[in-house]
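Worksheet for the structure shown next.
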C-alpha cells in the first residue's frame, strides 16, 4: 500500500539543483504508487544573503506535482504554523533536504512539531553535514536539526562518516546521488554547438554550475593553461553564474593569456538549455577543492559524458578512474596531463560508452528504498 510522503525542500518556482532533485524524487515516489508532494519555501533566503541574480526559475512548472510553498526560513511564527499544519495532516513520512545550517532552525522546528502526532517519521537527505564555507553557528544549528530526525540518507561516504560521528545511535545509509534523467534527450554535438552559437570546429571542456571558490575554477584555468590545449583548438566552456566576485577569475584568465580560449556563459542555465551545454562538450571537468557529492556528475552520466574530477569528498566514489574519465589529485600538472591524454589518445568514445553502462547503478529506486529503510517503513 502506498504511503503519504512529503518532501521538505526547495521546489518550483525556486530554481537550482535542489529543486530539480526534489521534483524528480517526488515524481519517483508517485510513479511507485505513493502519494507524494513537496513542502517548499515561500522565502528561502533573504535577498541580501542570496549570492546569485535571482532565486526564481524561468522554466515551466513541473507537471503533476503538488507543491506547498509555505516555509519562511527566517520567521519563527511561520515555523510554528507550518509544523502544526503538518502535525494535523499526519503524512507517513517527511523527507527533509539538509544542505546548510542556515536552514536548521526552520526545518528542525517544523520536524519537531510535526512528529508530535506520534505517527510521522522524519528522515533527512543530508547533502552536507558541515558546509564548504564555515560559520560559527554551524555546529549548534546542525545538532538542532539532526536531533529532530529519525534517520538519514547521505550521498557520499564522507558525509555518512560525519553523520555517524555526530549521531551514532540513529540509522543512516549511503546511497549514491541518483542520475538526473529529467533534462530531455541529448543532441548531436554539432546541433548543440549551433544552438549555443559555438564554433563547430572547436572542442569544448565544460565547467558547469554556479561558481564558488570551493568548486576550483581557478585550478581548472591554471591546469588548462598548463596543458597547452588552447593551442589545439580546444576551449573551456564555463556555463554558470558567479556566486562570488568574478574579478579574480577574470584577472586569472588575462594573466594566463586565455582570453581567446575561454567561452563564458555566466547567467544561470535554465533546465531547458542543460542538454545543449552537455551535448556540445567533449568532457565535463570538476576540479573541486572540496566536495561531498555533485549533481553535475549525474547530469554528465545522463548524457554519457566523460568526466575529470579531483579526488575530494565523494567525487571519486562515482567516477571510476580510467573507465568513464579521470580522477586526479588537486595538482595543476596532474590535471593538465590528464586533459592532454584525453585528446591525444582520443578517449571520448571509449569513456562515453563506459558511462552509458556504469550509469545504470544510479537509479532513483535506490534512494527511495534507502529513505524507507532508515524511516523504518
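The values are calculated or read from the model by the stated rules, or taken from the named source; none is laboratory data. In this text, all values refer to a predicted model and were calculated from it rather than measured experimentally. As a convention, Cβ positions derive from the backbone with ideal geometry for all residues, glycine included, and neighbour counts pool all protein chains shown.
Please tell me if residue 172 is within 29 Å of residue 335 (Cα to Cα) and in contact (Cβ under 8 Å) with a residue 12 or more places away in the chain.
Values: within 29 Å of residue 335 (Cα to Cα): no; in contact (Cβ under 8 Å) with a residue 12 or more places away in the chain: yes.
The answer is no for residue 172.
Take the residues in segment 120-130 that are assigned to a loop (DSSP other than H, G, I, E, B) and farther than 21 Å from residue 178 by Cα; name whichever of them is modelled with the lowest pLDDT. Before you say what the answer is, go through the steps one by one.
As a first pass, look at segment 120-130 and keep what is assigned to a loop (DSSP other than H, G, I, E, B): 120, 127-130.
From what is left, the residues that are farther than 21 Å from residue 178 by Cα are 120, 130.
Values: 120: 97, 130: 73.
Of everything passing the filter in segment 120-130, 130 is modelled with the lowest pLDDT.
Residues being at pLDDT 90 or above and surrounded by 14 or more Cβ atoms within 10 Å (Cβ to Cβ): count how many of those fall in segment 233-248.
Total satisfying the criteria: 6.
Restricting to segment 226-241, what's the tally of residues that are farther than 16 Å from residue 264 by Cα and in a helix (DSSP H, G or I)?
Of the residues in that region, 4 qualify.
Out of 286, 298, which single residue is surrounded by 21 or more Cβ atoms within 10 Å (Cβ to Cβ), in contact with a helix residue (DSSP H, G or I) (Cβ under 9 Å, 6 or more places away or on another chain) and closer than 30 Å to residue 151 by Cα?
Values: 286 fails: closer than 30 Å to residue 151 by Cα.
Criteria check complete, one pass: 298.
Considering 290, 272, 223, 279, which residue is part of a loop (DSSP other than H, G, I, E, B) and touching a residue at least 40 places away in the same chain (Cβ under 8 Å)? It would help to see each step written out before you state the result.
Details: 272 fails: part of a loop (DSSP other than H, G, I, E, B); 223 fails: part of a loop (DSSP other than H, G, I, E, B); 279 fails: part of a loop (DSSP other than H, G, I, E, B).
Among 290, 272, 223, 279, only 290 is part of a loop (DSSP other than H, G, I, E, B) and touching a residue at least 40 places away in the same chain (Cβ under 8 Å).
How many of the residues in segment 168-184 are surrounded by fewer than 15 Cβ atoms within 10 Å (Cβ to Cβ) and closer than 12 Å to residue 360 by Cα?
Initially, segment 168-184 is screened for residues surrounded by fewer than 15 Cβ atoms within 10 Å (Cβ to Cβ), giving 168-169, 184.
Of the ones still in play, those that are also closer than 12 Å to residue 360 by Cα are none.
Residues flagged as surrounded by fewer than 15 Cβ atoms within 10 Å (Cβ to Cβ) and closer than 12 Å to residue 360 by Cα within segment 168-184 amount to 0.
For segment 320-366, which residues satisfy the criterion of being modelled with pLDDT under 95, part of a helix (DSSP H, G or I) and in contact with a helix residue (DSSP H, G or I) (Cβ under 9 Å, 6 or more places away or on another chain)?
Within segment 320-366, 355, 356, 358, 359, 361, 364, 365 meet the criteria.
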